[in-house]
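Just below is one structure, and these are the notes that go with it.
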Amino acid sequence: MAKKNKSEWVLKGIAAAPGIAQGPAFLLDHQDFIVPERTILNEEIVVEIARFDEAIMHTKLEIQNIKEKISREVGGTDAQIFDAHLLVLEDCMLIDEVKKSIRQDKICVEYAFSRILKRYIEIFEKIQDNYIKERSADVSDIGRRVLKHLMGESHLHDLDVLAGDIVVVAHDISPSDAVSMYNKKVLAFLTDIGGQTAHTAIIAKSLGVPAVLGLKDATLRISNQDEVIIDGRKGVVIVNPTEETKRLYQREKEKISKLEGLFHNIVNSPAETTDLHEVKLLANFELYGELPAVQKYGAQGIGLYRTEFFYMNRLDLPSEEEQYNAYRQIAVAMAPHPVVIRTLDLGGDKFISSIQLPKEMMPFLGSRAIRLCLEEQEIFRTQLRAILRASAHGNIMMMYPMIAGAGELRAANGILKGVKQRLRDKNIPFNEAMPVGVMIEVPAAAMTADVLAHEVDFFSIGTNDLIQYTLAVDRANEKMAHFYEPAHPAVLRLIRRTVSAAHDAGIKVSVCGEMASDPTLAAILLGLGVDSFSMSPSSIPLIKRAVRSLRYADVQDHARQALKLSTGSEVMDYMVAELKKAVPDFYMYENQNP
Ligand code: PEP
Ligand code: MG
């Protein structure tokens, strides 16, 4: 597609993380190794060849080490994945071809290697056989490691060589890449693909970085250095804005900061309806750097600690000691408020370098979350030990993700029981009464909530996944975004069923999916009887204001009526009309979430 000229134009995508940002675009193409071409002198040929041999040797050692570590901690079969990587490094044809290119073309080793590597990847990708096609990922991964040894880590990550604040434009950004942008000069993210509840969107919110995802062809249409304004509240990107547009957005930014001041007045007030029904508002937590925001916005605890982010952007697995220290630190900082630690939820759209998961056709339906932990029991036990030890400090609760029924819950609890016994045997302190809950995010769990409720201390409804699995809509696929309907009657019925089962069994139920941070949807959840809401810290003031403006008896009635409607849009239209009637300024701050 032809690039646009310098007049102002607009792209519309999925509003993934709120806020307004302005700056120059930086196109990040992770698939490409950005390696400068450098010609060399005859005398340099031997040096370049020696550098190549050395980089191959270091990469082999690095892979051997990871392989040994994984076979020690996880088991032999998982470590075999690295044999494929080692084979690539022993491929004489590839090695000879690189050396030949250095000699003949008189180019530096990095350039020779990356050029040949790209050709290999292209050939692999064109082959019809799926197994061989997938080997291109091995070749690409190995290539990245060899280049890292040749060029140094910093050259590989384009972001590290940036001078100045930038707006990252990429085809896709993985959750772990998003985390690695923490503390970098990133003003906003724009991607071609991805949905509102993809983990990349969730991380952008945690970082406080506006994000618009699912822009389809942003990487083709936006050029490096194009000036862009991102409106993360509305999912709008303005490219080459006029002076007038810039002034308009400057005023919008000022309005948002004023709002922060307004909301500040209710930081210490309870989330209580006008007829004095109180709910708790807690924070979702992914990165340690979020702690000041959790405190600033007055969260009454951490309702979802997504621990998997602690495992990302490193080659090894975090040790028990490291995890214990991290969990303890958060628990102490939040005490006496609760910290709900979710056990590892990997798979789906979250991957880490230290565990090589087999490629699956449908990763969200595959070996994910608790399923993976029940397969990789040593990794699970290490985390359970760390959580239990940390439970001796502060107010820690623990929950399992993606439980589909009592069988998995019992299997997980069986492992927990063993870990507890070993701690007791060694006189290591932990909280014997640490509450253990499950996330209700699979329809099967909601349908059997009455059974589960008798075997746990609390429920936390993960609506991001519950919607995805109930409506059969990939949460990260922007093309399906219009089918992703939180207010769909099927979703509401499952939530109602879960809440009733929890309350019948005398346990509390929370919602920690993105639904909790939308005022209209939060009003429905409130009416359905949800006891607490957990969300990105910056959403807390908006939801608190909404709760404080509503009458519990009214929203209970609205929820009852909503459950009788036939479609998600009917529910939304009905709720918006009722809320506007009951509280005329209910939507005054809509889309102004700071
Ligand atoms: C959810 O599924 O709603 C949830 C909170 O968990 P995650 O978004 O991490 O999958
Ligand atoms: Mg989930």
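Any chance region 494-513 includes a residue that's among the hydroxyl-bearing types (Ser, Thr, Tyr), within 26 Å of residue 16 (Cα to Cα) and either open to solvent by less than 10 Å² (accessible area, probe 1.4 Å) or over 22 Å from the mean Cα position of the chain (by Cα) (or both)?
no
Restricting the first member to region 401-412 and to residues that are of a type in the set (D, E, K, R), and the second to residues that are open to solvent by 10 Å² or more (accessible area, probe 1.4 Å) and within 16 Å of ligand 1 (Cβ to nearest atom), the beta-carbon pairs closer than 8 Å and six or more apart or on different chains are 408/371. A count restricted to region 329-358 and to residues that are of a type outside the set (Val, Ile, Thr), in contact (Cβ under 8 Å) with a residue 60 or more places away in the chain and part of a strand (DSSP E or B) stands at 2.
Got a number for residues in region 200-250 being among the β-branched types (Val, Ile, Thr) and part of a strand (DSSP E or B)?
8
Is it fair to say residue 280 is among the basic types (Lys, Arg), more than 26 Å from residue 469 (Cα to Cα) and part of a helix (DSSP H, G or I)? For residue 280, the condition - among the basic types (Lys, Arg), more than 26 Å from residue 469 (Cα to Cα) and part of a helix (DSSP H, G or I) - is not met.
Quick check on region 217-230. Is at least one of its residues touching a Gly at 6+ places or on another chain (Cβ under 8 Å), under 27 Å from residue 441 (Cα atoms) and open to solvent by 10 Å² or more (accessible area, probe 1.4 Å)? Looking through region 217-230, none of the residues is touching a Gly at 6+ places or on another chain (Cβ under 8 Å), under 27 Å from residue 441 (Cα atoms) and open to solvent by 10 Å² or more (accessible area, probe 1.4 Å). The single condition from (1) part of a loop (DSSP other than H, G, I, E, B); (2) open to solvent by less than 10 Å² (accessible area, probe 1.4 Å); (3) of a type outside the set (A, V, I, L, M, F, W, C) that residue 393 fails is (2). Applying the criterion of being open to solvent by 10 Å² or more (accessible area, probe 1.4 Å) and either touching a residue at least 40 places away in the same chain (Cβ under 8 Å) or within 14 Å of ligand 1 (Cβ to nearest atom) (or both) to the residues of region 359-371, the residue that is nearest to residue 317 (Cα to Cα) is 371. Do the conditions hold for residue 485, that is, is it closer than 19 Å to residue 340 by Cα, open to solvent by less than 70 Å² (accessible area, probe 1.4 Å) and within 16 Å of ligand 1 (Cβ to nearest atom)? No.
Pairing each residue of region 486-510 that is of a type in the set (Val, Ile, Thr) and modelled with pLDDT of 95 or more with any residue that is surrounded by 19 or more Cβ atoms within 10 Å (Cβ to Cβ) and part of a helix (DSSP H, G or I), provided the two are 6+ apart or on different chains, yields C-beta distances under 6 Å for 491/467; 491/470; 498/446; 498/449; 507/453; 509/499; 509/502.
All of (1) within 16 Å of ligand 2 (Cβ to nearest atom); (2) part of a helix (DSSP H, G or I); (3) touching a residue at least 60 places away in the same chain (Cβ under 8 Å) hold for residue 476 with one exception: (2).
Selection of region 41-68 for residues being within 31 Å of the chain's Cα centre (by Cα) and open to solvent by 90 Å² or more (accessible area, probe 1.4 Å) yields 65, 68.
Within region 377-413, the set of residues being among the basic types (Lys, Arg) and within 18 Å of residue 324 (Cβ to Cβ) comprises 381, 385, 389.
Residues that are out of contact with any Lys or Arg (no Cβ under 8 Å at 6 or more places or on another chain), within 16 Å of ligand 2 (Cβ to nearest atom) and within 23 Å of residue 533 (Cα to Cα) within region 327-369 comprise 340, 341, 343, 344, 369, listed in sequence order. Applying the set (1) among the charged types (D, E, K, R); (2) part of a loop (DSSP other than H, G, I, E, B); (3) closer than 23 Å to residue 511 by Cα to residue 408 leaves exactly one unmet item: (2).
Please determine, by comparing only the residues of region 441-473 that are among the β-branched types (Val, Ile, Thr), assigned to a helix (DSSP H, G or I) and within 15 Å of ligand 1 (Cβ to nearest atom), which one is farthest from the chain's Cα centre (by Cα).
470
Residue 403 satisfies every condition listed in (1) open to solvent by 40 Å² or more (accessible area, probe 1.4 Å); (2) within 16 Å of ligand 2 (Cβ to nearest atom); (3) in contact with a Leu (Cβ under 7 Å, 6 or more places away or on another chain); (4) not hydroxyl-bearing (Ser, Thr, Tyr) except (1).
Of all the criteria given as (1) open to solvent by 20 Å² or more (accessible area, probe 1.4 Å); (2) under 26 Å from residue 398 (Cβ atoms); (3) within 16 Å of ligand 1 (Cβ to nearest atom), the one not satisfied by residue 517 is (1).
On the basis of being closer than 20 Å to residue 463 by Cβ and buried (at least 23 other Cβ atoms within 10 Å of the Cβ), does residue 569 make the cut? So residue 569 fails the test. Given the criterion open to solvent by 10 Å² or more (accessible area, probe 1.4 Å), touching a Phe, Trp or Tyr at 6+ places or on another chain (Cβ under 9 Å) and closer than 25 Å to residue 533 by Cβ, identify the matching residue among 262, 213. Step by step, each of 262, 213 is checked, and only 262 is open to solvent by 10 Å² or more (accessible area, probe 1.4 Å), touching a Phe, Trp or Tyr at 6+ places or on another chain (Cβ under 9 Å) and closer than 25 Å to residue 533 by Cβ.
Scanning region 176-199 for residues that are part of a helix (DSSP H, G or I) and open to solvent by 10 Å² or more (accessible area, probe 1.4 Å) yields 176, 177, 179, 180. Count of region 511-538 residues, restricted to those that are touching a residue at least 60 places away in the same chain (Cβ under 8 Å), in contact with a helix residue (DSSP H, G or I) (Cβ under 7 Å, 6 or more places away or on another chain) and more than 16 Å from ligand 2 (Cβ to nearest atom), is 5. The residues on offer are 464, 413, and the sole one that is within 16 Å of ligand 2 (Cβ to nearest atom) and either under 30 Å from residue 493 (Cβ atoms) or buried (at least 24 other Cβ atoms within 10 Å of the Cβ) (or both) is 464.
If you go through region 543-594 and keep only what is under 32 Å from the mean Cα position of the chain (by Cα), charged (D, E, K, R) and in a loop (DSSP other than H, G, I, E, B), you end up with just 590. None of 262, 304, 287 is closer than 23 Å to residue 232 by Cα and within 18 Å of the chain's Cα centre (by Cα) except 287.
The values are calculated or read from the model by the stated rules, or taken from the named source; none is laboratory data. Source: prediction; values computed, not measured. Counting neighbours? That spans all protein chains shown, and the Cβs are built from the backbone with ideal geometry, glycine included. What goes into the accessible areas is simple: the full protein's heavy atoms, side chains included, and nothing from ligands, DNA or RNA. Shrake-Rupley method; radii C 1.70, N 1.55, O 1.52, S 1.80 Å.
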